[in-house]
Amino acid sequence: METENLIPVQQIVTHHKIEISFINSLYDFGLIEITTIEETRYVLKEQMSEIEKMIRLHYELDINLEGVETISHLLKRVEIMQDEMTILKNRLLIYESE
């Protein structure tokens, strides 16, 4: 498997100066996916913005992992609702322009 779209977990831990246990906990809570290739653990690059949000919530705002999980879930629901609203607005515009 190619690793061009993957970032080593150790690199994230070192760059953000966080504990590896935090990343492990995010994985245990089902908030991120970790891929292991030849004994090296990786996350997808596309997950990095979410991981960085969770790092800020936990370390800067002192929110526990349960809170981070709840906030992450709610933000995903809001994003889905915003997408649905955009679709509905576009449908409405079709009828208004007639």
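The values are calculated or read from the model by the stated rules, or taken from the named source; none is laboratory data. Note that this is a predicted model, so its numbers are computed, not measured. Here the Cβ positions follow ideal geometry from the backbone for every residue, glycine too, while neighbour counts run over all protein chains shown. These accessible areas exclude ligands, DNA and RNA; they are computed on the full protein's heavy atoms, side chains included. Shrake-Rupley method; radii C 1.70, N 1.55, O 1.52, S 1.80 Å.
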Inset, instruction - For the chain, find the longest principal axis of its Cα atoms and tell me its angle to the long axis of helix 65-96, 0 to 90°, nearest 10. - result: 30 degrees
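Keeping the other protein chains in place, figure out the carbon and sulfur percent of the accessible area of the range 1-78, with a 1.4 Å probe.
Numbers: 2610 of 5290 Å².
The nonpolar share, carbon plus sulfur, comes to 49 percent.
As a test of the definition: which semi-axes, in Å, follow for the chain when you take the square root of five times each eigenvalue of its alpha carbon gyration tensor? Largest first, please.
On the way: eigenvalues 230, 66, 21 Å².
The answer is 34, 18, 10 Å, longest axis first.
So if I place +1 on the C-beta of Lys and Arg and -1 on the C-beta of Asp and Glu, and nothing else carries charge, what would the dipole magnitude of the chain be about its Cα centre? I want it in debye, nearest 20.
Values: 9 positive and 19 negative charges, 43 e Å.
So the magnitude is around 200 debye.
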Legend entry - Hz values of 3J(HN,Hα) by residue in the range 15-22 - Karplus curve (6.51, -1.76, 1.60), Gly and Pro given as x: 5, 8, 6, 10, 7, 4, 5, 5
Legend entry - Surface accessible to a 1.4 Å probe, per residue, for the residues of the chain, Å²: 76 Å²
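Calculated from DSSP H runs of 4 or more alone, at -39500 (n - 2.57) each and per residue, what is the 222 nm mean residue ellipticity of the chain, nearest 500?
Numbers: 4 runs with 57 residues, N = 98.
Result for the chain, helices only: -19000 deg cm²/dmol.
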Inset, instruction - Please give, to one decimal in nm, the separation of the simple spin-label points placed at R77 and V13, each 7 Å out from Cα toward the Cβ. - result: 3.3 nm
